[in-house]
Amino acid sequence: MTSNFPPLARMALAVAAVSAALPALAQEVVRIGHVGPVSGPQAHYGRDNENGARMAVDELNAQGVTIAGKKLRFELIAEDDAADPKQGTAAAQKLCDAKVNGVVGHLNSGTTLPAAKVYNGCGLPMISPSATNPQLTALGYKNVYRLLANDNALGAGLAKHAFEVLKLKKVAVIDDRTAYGQGVAEVFKNTARKLGMEVVSEQYTNDRAVDFTAILTAIKGKKPDGIFFGGMDPQAGPMLRQMQQLGLTKAYLFGGDGICTEKLADLASGARTLSNVVCAIGGLSIDKLPGGQDWRKRYDAKFPKQFQVYSPYTYDATMVLVDAMKRANSTDPKVYAPKIAQTNYKGVTAQVQFEPNGELKNPAMSLYTYKDGKRINAN
């Protein structure tokens, strides 16, 4: 019997019949939580971090990852902690309640430390791309990892550079009393003294201050060769302007990754003292890493003029979580979490491997300064 359907129609029906006979590949939604300050004075950090995680999620979806016979669709569940510990703890609990599959964050040590306790309680793996206080991995939580050098490396490295390379003899120290600022300043101060430098003044501020005139005036009388500031760039920018106004134009300003951003030049508003900044970031310069320049081009194309510091680390942290899922053949946090400890992943920022306590193995450190309003590598 001859079919009344034309050839093309018969072919379409045949393809449809074959497709119907094949089992459809099941799809599973994998949700990655991210927390950072996307409101308040540190929002530029938070947006940069979130961008890195979002970029990783988009690329994973483009790859068509499958695990245990299921095609995965990744979603980023982004929360704002405004760099506030209480809000950070609330955001962590929200991610626990939402039963996300893993967490990248938080940005600040002050929010990450209390949040880590929450994630440990609900069994969620957490990789921080930027919280550098050494206490994080001293908590003893098996689900907590750090993807860059901690404050012990940053503070000590800056003190050694001040003494051995710049030949400084007298330094002052300011910290913003946060877990990050106080921690990195303490390491710098202790290392400076061990090396033989004199710490002529210790001053304190907070992470919302913008007027440092009284502090800097007190320091100026001690005639230091350099000032270490443990804090973030919303404070370092005004501090540089006020250093210039008070005639502290020859003193170096040292700081950790908290001040070592591309935005610092804008926040300093043209202050000549910007060229006196020496800051450190835990990791190699993205432009010096294999594949780093290509990654930066992709980032800038997707998020123009938003790059700060940590987005490559949030990108890698997201990829490391998914790498552990692949090796465990499961997206269940209870199943894949132990695999994170066995990570050997070639990331953008490092060959990622972890110490038993969750610290990154062999972390690198890069020094930066500023020239003509641009952050440049000083190594």
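The values are calculated or read from the model by the stated rules, or taken from the named source; none is laboratory data. Since this is a predicted model, take the numbers as computed values, not measurements. Reconstructed Cβ throughout: ideal geometry from the backbone, glycine too, with neighbour counts over all protein chains shown. With ligands, DNA and RNA removed, areas are computed over all heavy atoms of the protein, side chains included. Shrake-Rupley method; radii C 1.70, N 1.55, O 1.52, S 1.80 Å.
Coupling constants for region 215-224 follow from the phi torsions by the Karplus curve (6.51 cos²θ - 1.76 cosθ + 1.60, θ = phi - 60°), and in residue order they are 4, 5, 5, 4, 5, 4, x, 8, 6, x Hz; glycine and proline get x.
Quick one: accessible area per residue over the chain, 1.4 Å probe, rounded to a whole number of Å²? Don't jump to the answer; show the numbers that get you there.
Details: 16470 Å² over 379 residues.
Dividing the accessible area of the chain by its residue count gives 43 Å².
Label region 102-141 by shape, choosing from rounded, prolate and oblate, from the square roots a ≥ b ≥ c of the eigenvalues of the Cα gyration tensor; if a/c is under 1.5 it is rounded, and otherwise prolate applies when a/b is larger than b/c, oblate when it is not. Since a/c reaches 1.5 but b/c is at least a/b, the shape of region 102-141 is classed as oblate.
Sort 108-115, 249-256, 363-370, 340-347 for me by packing, meaning the mean count of neighbouring Cβ atoms within 10 Å per residue, highest on top.
Details: 108-115: 26.2, 249-256: 22.6, 363-370: 19.8, 340-347: 16.5.
Top of the packing list down: 108-115, 249-256, 363-370, 340-347.
Accessible surface of Glu59, taken over heavy atoms with a 1.4 Å probe and every protein chain present, rounds to 50 Å².
The distance separating the Cα centre of region 333-379 from that of region 251-325 comes to 13 Å.
Taking the Cα centre as origin and putting +1 on Lys and Arg beta-carbons and -1 on Asp and Glu beta-carbons, what dipole magnitude results for the chain, to the nearest 20 debye? Walk me through the numbers on the way to the answer.
Working: 44 positive and 34 negative charges, 108 e Å.
That gives the chain a dipole magnitude of about 520 debye.
Please give me the summed charge of the neighbours of Leu166: other residues whose Cβ is under 11 Å from its Cβ, Lys and Arg +1, Asp and Glu -1. Net of charged neighbours comes to +1.
D by Stokes-Einstein for the chain, Kirkwood Rh over Cα pairs, 4 °C, 1.567 mPa s: 59 µm²/s. For region 232-292, pairs of C-alpha atoms spaced more than 18 angstrom apart make up 35 percent of the total.
If a/c stays under 1.5 just call it rounded; otherwise compare a/b with b/c (prolate if a/b is bigger, oblate if not). Do that for region 295-379, with a ≥ b ≥ c from the square roots of the Cα gyration tensor eigenvalues.
Values: a/c = 3.59, a/b = 1.80, b/c = 2.00.
Here region 295-379 falls in the oblate category.
Taking 19 Å as the straight-line reach from the Cα of Lys71, the aspartates and glutamates in range (excluding those fewer than 8 positions away in the same chain) are Glu28, Asp58, Glu59, Asp323, Asp332.
Spacing of the modelled spin labels on Ala209 and Lys167, each 7 Å from Cα toward Cβ, amounts to 3.3 nm. Shape class for region 161-286, computed from the alpha carbon gyration tensor (a ≥ b ≥ c): rounded, with a/c under 1.5.
For the chain, the longest principal axis of the alpha carbon atoms and the long axis of helix 151-160 meet at an angle near 40°. The base-10 log of I(q)/I(0) for region 39-145, evaluated at q = 0.17 Å⁻¹, reads -0.81 [Debye formula, identical scatterers on Cα atoms, solvent excluded].
Ala90 to Lys346: extension gain in nm, 0.36 nm per residue of separation minus the Cα-Cα distance? Don't jump to the answer; show the numbers that get you there.
Working: separation 256, 0.36 × 256 = 92.16 nm, distance 3.31 nm.
This chain segment gains 88.8 nm when fully extended.
Our estimate of slack between Lys71 and Asp372, defined as 0.36 nm per intervening residue step minus the Cα-Cα distance, is 103.5 nm. Taking R0 as 56 Å, what's the FRET efficiency between Lys250 and Asp300 from their Cβ-Cβ distance, rounded to 0.05? After rounding, the FRET efficiency stands at 0.95. Note on region 80-145: with neighbouring protein chains present and a 1.4 Å probe, carbon and sulfur make up 53 percent of its accessible heavy-atom surface. For region 60-101, the residues whose backbone nitrogen is under 13 Å from a point 7 Å from the Cα of Ala43, taken along Cα to Cβ, are 80-83. When the chain is treated as a GNM with alpha-carbon contacts under 10 Å, the residue of Ala265, Ala56, Ala138 showing the greatest mean-square fluctuation is Ala138.
Using a Förster distance of 41 Å, how high is the FRET efficiency between Ser269 and Gln63, based on the Cβ-Cβ distance and rounded to 0.05? That pair, Ser269 with Gln63, gives E of 0.40.
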